[in-house]
Structures are given as structure tokens and as C-alpha cells.
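Input: a single structure, listed below in C-alpha cells.
The values are calculated or read from the model by the stated rules, or taken from the named source; none is laboratory data. On a predicted model such as this, the values are computed, not experimentally measured, just so you know. When we count neighbours, we look across all protein chains shown, and the Cβ atoms used for this are built from the backbone with ideal geometry, even at glycine. All accessible areas refer to the heavy atoms of the entire protein, side chains included, with ligands and DNA or RNA removed. Shrake-Rupley method; radii C 1.70, N 1.55, O 1.52, S 1.80 Å.
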Amino acid sequence: MTLTRRRLIQTTAAASLASLLPRAVFSQGTGNRKAVVHADQEIGIIRPELHSHFAEHLGSCVYGGIWVGKNSPVPNINGFRRAAVDYLKELGVPVLRWPGGCFADDYHWRDGIGPAAKRPKSVNTNWGGYTEDNGFGTHEFVEFCRLIGAEPYFAANVGSGSPQEMRDWMEYCNQPSGSSLAEERAANGSPEPFRVRYWGVGNELWGCGGNFTAQRTAEEYRHFATFARAFGGLRPYLVGCGPNGNNTQWTRGFMDTLSGYRMDGYSMHFYSNGNLPPLEYTPEAMYTQLNSFPRVEQAIIQQRNLLDGYDPNRRIGLFLDEWGVWDRMTAEDEKRNGRLWQQESMRSAVAAGLGLNIFNRQAEKLYMCNIAQMVNVLQAVLITDGPEGRNCVRTTSYYAFMLFKPHRAKTSVRTETDASSDQLPDLSFSASRQGGDVVVTLVNPRHNADMQVDCEIRGATPRQGRAEILHDPDINAYNSFDNPNRVVIRPHPLSVENGWIRLALPAMSVATVTLQVA
Ligand code: AHR
């Protein structure tokens with residue numbers, strides 16, 4: 001059954017807006033929307049990790065994206081694209097997951113250490129059979145994370161690897177000294193341990209990682225986890241392979257077989273597929289894609305609920321390790337820029353906003369979410385062009401993430417709207433609070449309906465505020481190499497009066513309101 005927005009609100013909200021406001025205020029079909037922020041009804045902390053990222057050895061995400069090499073004509077810091085480092089630092093990347101994806105279950109970490117010229121060359125069989133020269137390996141990844149201020153998250157190889165290979169990688173990274181692997185790391189230029197905490201035990205073990213059953217995946221997990229020791233006093237945080245989308249059967253099979261064995265995180269993947277090339281969307285195709293977001297919310301609720309049955313104290317963190325829009329690639333784009341290269345449009349920014357609002361509303365159920373992927377691939381926040389890739393552009397999705405940044409580490413609070421739709425996505429919104437600061441994010445996903453939003457702030461009195469907006473009426477508007485600032489964040493009028501805020505939310509927009517409350 002498709003969970004419509006209205007039903008979702010009814011199932012997740014303790015009291016419906018209809019019971020709180022007179023009937024007359026409901027004006028479905030017009031451009032007016034009523035909303036309520038319950039500033040005193042806490043849901044949970046919005047972990048900054050819900051705004052994390054994923055980078056795979058795929059297309060031009062790493063090579064030609066993040067990494068241009070030390071001798072590149074592209075401005076770089078030790079081989080890392082300078083513009084990407086600057087933009088990502090400004091955005092703030094809490095955690096970065098690497099090296100895959102499907103690539104992870106065919107990756108042997110020893111290939112990526114030692115003098116670059118001596119590293120073996122392998123073939124990236126998952127993503128087009130190109131030569132992987134292993135120029136970007138463990139040391140480079142950790143250095144990049146440090147440059148942008150992200151915490152590293154490794155996906156270890158289960159599919160074609162072994163428990164020993166994963167365990168040795170942990171020792172290589174985390175043992176301070178006194179072992180051959182620690183000495184090898186020091187000889188390779190890093191006497192200080194990397195202290196990598198997050199470890200995924202395989203990627204999609206139900207697919208490219210081995211086509212295992214849920215039961216076999218849990219058995220593999222138990223086997224690998226047995227040898228995942230603490231090195232340097234750091235106990236690894238281990239993430240098991242969860243379902244594709246909301247596969248409840250997978251989770252039951254996995255958790256039954258796990259039988260209470262220690263697991264820290266559980267990773268699901270949920271992509272929002274679209275059937276047109278990124279810049280050729282019709283409203284109908286866009287709505288089909290955006291209508292997957294209520295299913296994302298439903299998946300988070302149901303998967304958490306299932307886990308709760310096995311783990312009532314919520315010791316296991318629910319991860320949405322890969323999410324975002326996956327459009328139909330064009331052969332031309334992929335030939336020029338690598339596999340799964342995808343330009344982002346105003347539609348993608350709206351999709352990002354829908355997803356990030358969901359994470360706020362379900363904050364107490366989620367531990368980490370990683371947008372797929374960081375640069376050039378799928379719902380990237382940065383894109384570069386061509387083989388040399390001299391340009392680096394902040395995509396519409398970059399700016400959507402930027403608009404949600406003020407929520408980080410605040411407490412999500414309950415919200416309600418009279419938005420309704422059985423067929424089309426409607427106003428999406430969420431709010432958070434920390435002391436005297438309240439943040440509200442709103443998304444208008446309609447291509448032809450401007451909305452006016454009247455929002456009551458209950459449980460606190462708004463004194464003053466400001467709004468910012470990302471908006472373009474064209475669903476296919478994008479930031480190009482020639483026009484990199486077409487869709488950027490701009491100030492937006494807001495009225496704050498008598499406990500209410502009011503703002504216009506034009507068709508295809510994502511907005512943030514920051515308020516000072518008493
Ligand atoms: O992100 C692209 C691919 O999507 C990843 O490699 C895989 O995990 C998923 O199927």
C-alpha cells in the first residue's frame with residue numbers, strides 16, 4: 001500500500017491538526033497551507049551524522065573528482081582538488097563512507113598503500129572495467145577526511161575478502177605501535193594511528209556483495225565481527241548489512257540469525273529512481289520520483305520498529321547508508337564524465353529537502369544517513385566536467401544541504417501541516433529547537449502551485465527571524481559550468497507576528513526559517 005502524505009501525518013502525529021484548528025482554515029487545492037510547530041514537543045537530537053556522505057571508486061567520484069593527483073594542472077592540495085576541499089569544508093561533512101558501494105566487496109586494501117608508483121593496477125569490474133591504479137588508498141582517504149573535517153567510515157570487503165583482511169586493515173589503521181602492521185603504516189608516512197571507528201561489514205551483500213541470503217549475511221557478519229578487535233583501545237563500531245529498501249523479510253531473517261550477537265549499526269539503502277535523464281524531467285516523471293519519499297519515511301519507521309523488537313533499548317543504530325535520486329543516465333554524459341555522472345536540478349534539490357525533512361521528523365530513529373554520492377556520481381553535491389575536470393560547481397543539492405545545516409545537533413520537535421495529497425507530493429516541513437533558537441525547513445515540491453504558509457509556533461514565542469530560499473520555477477534549472485550560480489540560496493521575506501510566521505513558498509522551492517524565540 002502506498003502511504004500517502006495525509007495518512008503518514010495521521011499515523012505519526014499524536015494529534016491531528018484538524019482537531020486543533022477550525023475546519024475553515026483547511027483550504028485544500030488552494031495555495032494556502034497551515035502549519036504548526038510544537039516547539040516544546042521533542043522528538044530527538046538531529047545527529048549531524050544524518051547529513052553525511054558517501055564516496056565510491058565509481059566514475060569520476062574519486063579519480064577526477066576528489067582526487068586529481070599531485071601533478072595535476074587543476075589547483076590541488078597534495079593531489080586533492082582544492083575547490084572541492086574548500087566547498088566541502090564550508091558545507092561540513094560529518095562522516096564520509098568509502099570505498100564503496102559495490103566496489104568495496106572487490107577491494108583489497110593492501111593494493112592502496114605504499115609508494116604510489118609501486119601499487120598494483122587492478123580492474124574496476126563493477127563500474128566499467130577501467131584501470132584502477134590504486135593511487136587513492138587508505139592514507140589518501142584519511143588525509144582527505146582530515147582536510148574536510150569528516151570522520152572516516154570504511155566499508156570492508158566481505159564478498160571477496162576475509163575476516164583476516166578486515167581485521168588486518170583495522171590493525172593497520174588503529175594500532176599505535178608495536179606490531180608489524182603499525183610499523184608498516186608508520187613507514188608509509190603515518191606514525192600516528194588513523195583511529196578509524198566506523199566499519200561496514202560488507203556493502204550490499206544481498207546483491208553485488210555476494211548475492212547472499214539474509215541468514216547467510218548474518219552468519220558472515222558474526223564471523224567477520226568475531227575478529228574485529230579493538231586496536232589502540234578503540235573498539236570498532238560495526239555496521240551490518242541491512243535491506244534494499246524496506247525489505248522486512250530481510251531484516252527478520254538477518255536479525256533472527258544474528259541471535260543477539262553484538263552489532264552496532266544496521267545499514268539500509270533506499271534510492272529514489274527516476275526514468276528520465278537529469279535535465280529532461282517532466283512534472284509527471286518528477287512526481288513519480290518524489291512520491292518515493294513517503295516510502296523512505298515508511299521504511300525508516302518500519303525498519304526501526306522491527307529492530308526494536310530485537311533491540312528494545314535501541315543499542316543498534318539505524319543507518320541509511322545510501323540514499324538520493326538516481327536518474328536515467330545519458331550515454332554521452334557517462335562517456336564524457338564517467339559512470340553514473342548526474343547533473344542536479346531544482347528537482348534534485350527538492351528531493352534532497354524532502355529527504356532531509358524526513359530525517360528530522362524521524363530523528364530519534366536514525367543514527368546516520370549518507371547521500372549517494374559526494375562528487376559527480378548520482379545526487380552529488382559537487383560536479384566537475386570532462387577528463388581534466390577543471391571546473392568544480394556546487395550543485396543544487398549542495399545548497400539544499402546547506403539550508404538544513406542549522407538543524408544539526410538541535411532537537412527535532414513535532415510539527416503538523418494541513419498539507420494533503422493522494423497523488424502529488426505537497427508541502428513538506430520539519431523543525432528543531434535549541435534554547436532560544438528554532439529552525440524550520442519547508443519544501444514546496446509542486447511545479448505549478450505557489451503556496452503561502454501560515455505557521456503557528458506553539459510552546460514558544462517567536463520574537464524575530466529571517467528566511468532564506470533556494471528556488472527556480474523551472475524543475476530542470478541547474479548550475480552549469482557556464483552559469484554556476486543560477487540556483488543559489490537567497491534571502492527571502494518573512495513576517496513574524498503574534499506567535500505566527502508567514503512566508504510565500506513559490507513552486508519548486510526549499511526554504512529555511514531561523515527564529516529567535518522566548
Ligand atoms: O551508489 C551506486 C551503487 O548503488 C553502489 O555501488 C551500490 O552499493 C548501490 O547499489
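Quick notes on this structure:
- Using R0 = 41 Å, the C-beta based FRET efficiency linking Ser180 and Arg262 works out to 0.90.
- Of the solvent-accessible surface of region 274-329, computed with a 1.4 Å probe over protein heavy atoms with every protein chain present, carbon and sulfur atoms account for 48 percent.
- Local charge for Ser345 was computed over the other residues whose Cβ lies under 13 Å away, with Lys and Arg +1 and Asp and Glu -1, and equals -3.
- Remark on the chain: Cys61, Cys145, Cys173, Cys241, Cys369, Cys392, Cys455 stand apart, with no other cysteine beta carbon under 4.7 Å.
- In whole angstrom, region 224-288 maps to an equivalent ellipsoid with semi-axes of 37, 17, 7, each derived as √(5λ) from the alpha carbon gyration tensor and ordered largest first.
- When the Cα convex hull of region 310-402 is projected onto planes of every orientation, the mean area is 7.2 nm².
- Ratio of Rg to Rh for the chain: 0.97 [Cα atoms; Kirkwood radius as inverse mean 1/r over pairs].
- For Cys145, neighbours were defined as the other residues whose beta-carbon sits under 13 Å from its Cβ, and their charges (Lys and Arg +1, Asp and Glu -1) total +2.
- Spatial offset of region 72-93 relative to region 127-168 amounts to 19 Å, using the alpha carbon center of each.
- Cα-projected label distance for Asn273 with Asn391, points at 7 Å along beta-carbon direction, nm: 3.1
- Of the residues Pro115, Val93, Phe136, the one whose Cα sits farthest toward the positive end of the charge dipole of region 47-152, with +1 on the Cβ of Lys and Arg and -1 on the Cβ of Asp and Glu, is Pro115.
- Placing R0 at 41 angstrom, the Cβ-Cβ distance between Val123 and Glu192 gives a FRET efficiency of 0.80 after rounding to 0.05.
- Centre separation in Å (Cα based) which lies between region 267-316 and region 190-237: 24
- Heavy-atom accessible area ranking, 1.4 Å probe, most first, across Ser122, Ser180, Ser430: Ser180, Ser122, Ser430
- Reach of Lys410 by Cα under 26 Å, taken over lysines that are not fewer than 8 positions away in the same chain: Lys34, Lys89, Lys365
- The chain: relative contact order in percent, alpha carbon pairs under 8 Å with at least 6 residues between: 20
- Solvent-accessible area, 1.4 Å probe, carbon plus sulfur percent, for region 55-190: 49
- Listed by chain and number, the aspartates and glutamates whose alpha-carbon sits under 20 Å from that of Lys121, ignoring those within fewer than 8 places in the same chain, are Glu56, Asp105, Asp106, Asp111, Glu132, Asp133, Glu140, Glu165.
- Label-zone membership for region 268-296, site Glu332, 7 angstrom Cα→C-beta point, backbone N under 19 Å: 275-282
- The chain - mean residue ellipticity at 222 nm from DSSP helices (-39,500 (n - 2.57) per run, n ≥ 4, rounded to 500): -7500 deg cm²/dmol
- Å² of accessible area per residue within the chain, as computed with a 1.4 Å probe and no ligands counted: 37
- Overall, the accessible surface of region 398-473 at a probe of 1.4 angstrom is composed of carbon and sulfur to the extent of 40 percent.
- Accessible surface of Phe319 - all protein chains present, 1.4 Å probe, nearest 10 Å²: 0
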